[in-house]
Amino acid sequence: MAMTTTRISAAAAGVILAAAVLLSGCSGSGSSGESSTAADGAAAPRQADSGGSEGSANKDGKAAPAAQPTVTRAIIKTGSLSVEAEDVDSTRQKAIGIITGLRGQVASEDTGSNSEGRITQANLVLKVPTASYETAIDRLSRLGTRTAIHQETSDVTEQVVDVESRIASQRASLERMRILLAKANTIGEIVSVETELTRREADLESLLAKQKNLSLQTELATLSLTVAEKGKTPVVEKEDRGFLAGLRGGWDAFTATFFALSAVLGALLPFLIVLALIGIPLWKFRGRLRRTPAAVPPDQG
């Protein structure tokens, strides 16, 4: 009987132990599911963060450099153009109309005429917006036969940026000097600060003038136009070098010196004649005085 009771107790204990294991397994799976879900939910924003930071970070974990600001290039354009035409005056007027249509202007003009009064050559210095520079050259070349063209470009971006930076620094310096002037107490301090303030204002005005000049040069291109009659384009003589050039230069210098001395001698000749007319008699009279013996006084003894 005692044996039977012991077996029943052991079986009951085994059933209770199995039930406890099953309960712990269910709760463990539920908690692991919840923890995995929570882990997945936490991992998602981390991945999103890491994905968003990849655009601003390198593989080494260092921040990528910030994008550099875009700098507008400052270009100065200059050129010269020679054109032959049948009617120089008409071509000159058409050229002025083309430049005016491109919102440009004529900076200077020089014309030459023949004995009949007809214009045979025109030299124009034109100012045209830089954006329309190529268009101006193309249209002006169509006015006649283009015989020569020369173009140059200069990049002055660094100068423009430097002047702008110096202007900003100078203005900040002026503000500091004005603050010091307001705080000055003695006459000596006021005079000293005002002197320095005046000097810096003059420097600022100089920088502003330089900035304006650079702005005008970059905004307006300069184009020199020469219009000549067809077949009468002025020939540019080549520079002569060597022995003959030296001989020619020496002869020119000799003749120039000779003519200069002749001019000086011609200017002095009237004075020399007057001095000769007065000086020669005086010199002879002085010689006679020296040759005449002095009178001997009579002996009183």
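Brief remarks on what is shown
- Of all residues in segment 70-95 being surrounded by fewer than 18 Cβ atoms within 10 Å (Cβ to Cβ) and hydrophobic (A, V, I, L, M, F, W, C), the one that is modelled with the highest pLDDT: Ile75
- Taken over segment 80-103, residues that are in contact with a Gly (Cβ under 9 Å, 6 or more places away or on another chain) and among the hydroxyl-bearing types (Ser, Thr, Tyr) amount to 1.
- Hey, Asp138 in contact with a Ser or Thr (Cβ under 9 Å, 6 or more places away or on another chain) and outside any strand (DSSP E or B) or not: no
- Of all residues making up segment 139-178, the number that are touching a residue at least 24 places away in the same chain (Cβ under 8 Å) and either closer than 21 Å to Asn213 by Cα or among the small types (Gly, Ala, Ser) (or both): 20
- Condition met for Ala136 (under 29 Å from the mean Cα position of the chain (by Cα), free of Cβ contacts under 8 Å to residues at least 24 places away in the same chain and within 25 Å of Ser224 (Cβ to Cβ)): no
- All positions within segment 99-132 that are of a type in the set (Gly, Ala, Ser) and either surrounded by 13 or more Cβ atoms within 10 Å (Cβ to Cβ) or in a strand (DSSP E or B) (or both): Gly104, Ala107, Ser108, Gly112, Ser113, Ala122, Ser132
- Which listed residue is among the polar types (S, T, N, Q), surrounded by fewer than 12 Cβ atoms within 10 Å (Cβ to Cβ) and at pLDDT 90 or above, from Thr195, Thr157: Thr195
The values are calculated or read from the model by the stated rules, or taken from the named source; none is laboratory data. If you're wondering where the values come from, they're calculated on a predicted model, not measured in any experiment. Quick reminder, even Gly has a Cβ in these numbers, built from the backbone with ideal geometry, and neighbours come from all protein chains shown.
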